[in-house]
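Taking it in order: structure first as structure tokens, then the write-up.
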Amino acid sequence: MTNSNPPAPSRPLRVAAEVLENAVEGPGNHRLVLAIPGWPGAEPGQFVMLSPGGSSEAERTDPLLPRPMAVYRGHAAARGGRAEVEFLLKVTGRGTRLLADLAPGQSIRLVGPLGSAFAPVVPGKRAILVGGGTGIASLYELASRGAADAEVHVILGARSEGDLMGVDDFEALEVDCHITTEDGSRGRKGRVTDALAELLEAPGPPAELFACGPTPMMHACAKIAQEQRLECQVSLENNMACGFGVCLGCAVPVHSGGYSLVCRAGPVYPADQVVWEGLP
Amino acid sequence: MTESVDTRVDLGGIALRNPVLTASGTFGYGTEFAPFMDLAALGGFVAKSLTLEPRSGNPPPRIAETPSGMLNAISIENIGVEAFLNERLPELPGDVVVIASCFGTDPGNYAELAERLSESPRVAGIEINASCPHVKSGGIEFGQDPRLLGELVERVRGVTSKPLLVKLSPNVTRIDDMARVCEASGADGICLINAVQAMEVDVESRRPVLSNVLGGLSGPAIRPIALRMVWQAAQAVSIPICGVGGIFTPEDAVKFMLCGATAVQVGTANYLNPAVGREVAEGIAAYAARHGFPRVADLTGALRLPGAP
Ligand SMILES: Cc1cc2nc3c(=O)[nH]c(=O)nc-3n(C[C@H](O)[C@H](O)[C@H](O)COP(=O)(O)OP(=O)(O)OC[C@H]3O[C@@H](n4cnc5c(N)ncnc54)[C@H](O)[C@@H]3O)c2cc1C
Ligand SMILES: Cc1cc2nc3c(=O)[nH]c(=O)nc-3n(C[C@H](O)[C@H](O)[C@H](O)COP(=O)(O)O)c2cc1C
Ligand code: FES
């Protein structure tokens, strides 16, 4: 029930972080920058659980549960210091609305870093990173670190321009960037999988895939990888209550039998381990 | 001042350094919380309910958020009693008080499980889960029928000399009858409440939010119901009571003690704050000190009813 990815490297912490910045990035998207004391750093693909509302509102019980958010970018804190860690979040409901409304100077509780990481890109291969919607946030660190060792292609897609996140940051990296929107408002019109199919047809070293986004998108990437016998890692975005393996709420069926906990064995899985059929 | 308060309580023969346990199904097998706190800061913890064989749970979605609460339909997914005894228990520091929770489909397999668990000196007590709200057979059937409950408790009592607790379901008409049956059948204490049977629907898709359709409601939303039931049970029996349901703060815990609980269990709150158990324990001691109680045990039943001084 486990996968072959490296285990989470750092012990998670529970701390109050200070909001340094919370900027609007297109309609409904926010860039939240937190100062996190003692932050041990995160590996690409890891996430934190953020409690909606400032910690001064500790009595808040509605909405109740913390929200999983990928660590977008940030380094470990210097000894005894605080680290600046960025998150890109999309307002999709009440919890993310409260997170988007946090003002600089407010403090917020978090638990992390949590979960498994992407296995690093393999030097000499063509790494193709496919991000859809909020899944884009899980890929930045991987793209940034991978660019030193391999040929990295990034395909970022969303319904419309306003649903894209972090595009400028990716374009500033030494990577080959492709943007798709379903309505054609930015980049090419269509889906990420159209761009992926085209890239895979172009001549070049053998490809490996990394995908994070809506379940149908990851399932489509998994199918392409299976057909073309490519390695493919996916990062799942299941609903979570705890994020550290105790509520058993985030289970996903796996081919090795039974269920795997997305918050602990995942969120990153080899795509062929996940039983995609029937996933909500 | 807090240091001078005696925080120890006795829960049906289980000596606890303070009255705060963490609830079954919300604290894993304990070690998951080691990064966040010293487990010995708790009175103890109740491990995830065990079955004789490892057991897989329901398909997703298994959880959903509701107003000030959450629904779950996990269905007693667990590693099985042997893996618990051989792999997980030895990982825990010796000073951590561990209570094992048993789940079965008939009194026979509950008893077999309790017998096996009783062989371990690391198991401080046994909690019978007679109340899981969303498993197809077992659990709640026992918690809803006084005759079946009596048989179950007697059967398990017959095979263990460990302190025996029974975890009761709120999905009954008369909780006092259930409490009396437990006392009469040899239980050393009762724990209540388990999650409240509940349901939620997504109107856009017209589907229940859980794959299991029904689930168990937990969290602050159920706290006043739990408090009422602890109060009623405390009127009915003289064995100690452990209060469970929506406890998030020290004040919440104190309310349960005032209504007659000897100890409490913190459940859903662990998901939001993995160190909440320690914070609640410290806060209870501070409350006792502030109100002039030399022992936290003196809070039990100290409710001032209308008309009383
Ligand atoms: C590992 C991981 C990393 C993520 N990273 C990001 C990120 O970097 N940026 C971003 O914008 N979003 C990310 N998400 C999705 C984000 O957690 C949800 O959009 C958010 O929880 C929705 O909360 P809400 O209150 O706004 O919505 P509501 O619909 O009100 O949420 C209700 C409940 O459902 C849960 N929920 C709903 N949708 C999701 C979902 N897709 N994933 C997980 N839980 C969900 C919530 O936690 C909550 O308990 C990530 C999810 C996971 C699992
Ligand atoms: C996800 C989840 C799993 C649970 N699993 C169990 C279990 O295995 N055995 C049990 O006796 N109670 C289980 N419970 C019930 C809790 O122990 C507790 O009785 C209930 O949640 C009410 O307390 P709370 O509101 O503090 O969570 C579970 C609760 C939740 C939320
Ligand atoms: S979110 Fe609780 S076990 Fe994964």
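The values are calculated or read from the model by the stated rules, or taken from the named source; none is laboratory data. Values in this document were obtained by computation on a predicted structure and should not be read as measured data. Cβ sites come from the backbone with ideal geometry, for glycine too, and all protein chains shown count toward neighbours.
Limited to the stretch B:204-242, what total is found for residues that are touching a Cys at 6+ places or on another chain (Cβ under 8 Å) and either within 16 Å of ligand 2 (Cβ to nearest atom) or of a type in the set (G, A, S) (or both)? Walk me through how you get there before you give the answer.
Kept after step one, since they are touching a Cys at 6+ places or on another chain (Cβ under 8 Å), are these residues of the stretch B:204-242: B:216, B:227, B:230-231, B:234, B:237, B:239, B:241-242.
Applying the additional criterion that residues be either within 16 Å of ligand 2 (Cβ to nearest atom) or of a type in the set (G, A, S) (or both) yields B:216, B:227, B:230, B:234, B:241-242.
Matching residues across the stretch B:204-242 total 6.
Condition check for B:A40 on (1) more than 11 Å from ligand 2 (Cβ to nearest atom); (2) part of a loop (DSSP other than H, G, I, E, B): one failure, at (2). As a summary of the residue check, A:P203 satisfies the conditions (1) surrounded by fewer than 18 Cβ atoms within 10 Å (Cβ to Cβ); (2) in a helix (DSSP H, G or I) except for the one numbered (2).
Please indicate, with yes or no, whether at least one residue in the stretch B:72-81 is away from ligand 1 (no atom under 16 Å from the Cβ), assigned to a helix (DSSP H, G or I), free of Cβ contacts under 8 Å to residues at least 40 places away in the same chain and not basic (K, R). Yes, there is a match, as at least one residue in the stretch B:72-81 is away from ligand 1 (no atom under 16 Å from the Cβ), assigned to a helix (DSSP H, G or I), free of Cβ contacts under 8 Å to residues at least 40 places away in the same chain and not basic (K, R). Going residue by residue through the stretch A:223-233, is there one that turns out to be within 16 Å of ligand 3 (Cβ to nearest atom), part of a strand (DSSP E or B) and polar (S, T, N, Q)? Within the stretch A:223-233 (the criterion being within 16 Å of ligand 3 (Cβ to nearest atom), part of a strand (DSSP E or B) and polar (S, T, N, Q)), the answer is no, since none of the residues qualifies.
A count restricted to the stretch B:260-272 and to residues that are surrounded by fewer than 24 Cβ atoms within 10 Å (Cβ to Cβ) and at the interface with another protein chain (Cβ under 7 Å from one of its Cβ atoms) stands at 1. Of the residues making up the stretch A:239-253, at least one is away from ligand 1 (no atom under 13 Å from the Cβ), buried (at least 24 other Cβ atoms within 10 Å of the Cβ) and assigned to a loop (DSSP other than H, G, I, E, B). Taking the criterion of being of a type in the set (V, I, T), within 7 Å of chain A (Cβ to nearest Cβ) and crowded, with 19+ Cβ neighbours inside 10 Å, would at least one residue in the stretch B:64-78 satisfy it? Yes: the stretch B:64-78 contains one or more residues that are of a type in the set (V, I, T), within 7 Å of chain A (Cβ to nearest Cβ) and crowded, with 19+ Cβ neighbours inside 10 Å. Candidates B:V196, B:V172, B:V181, B:V209: the one that is at pLDDT below 95, buried (at least 16 other Cβ atoms within 10 Å of the Cβ) and either within 12 Å of another protein chain (Cβ to nearest Cβ) or away from ligand 3 (no atom under 16 Å from the Cβ) (or both) is B:V172. Residues that are surrounded by fewer than 18 Cβ atoms within 10 Å (Cβ to Cβ), without any contact (Cβ under 8 Å) to a residue 24 or more places away in the chain, over 18 Å from the mean Cα position of the chain (by Cα) and away from chain B (no Cβ under 14 Å) are absent from the stretch A:57-73 altogether. Of the residues in the stretch A:236-247, not one is over 17 Å from A:P280 (Cα atoms) and away from chain B (no Cβ under 11 Å).
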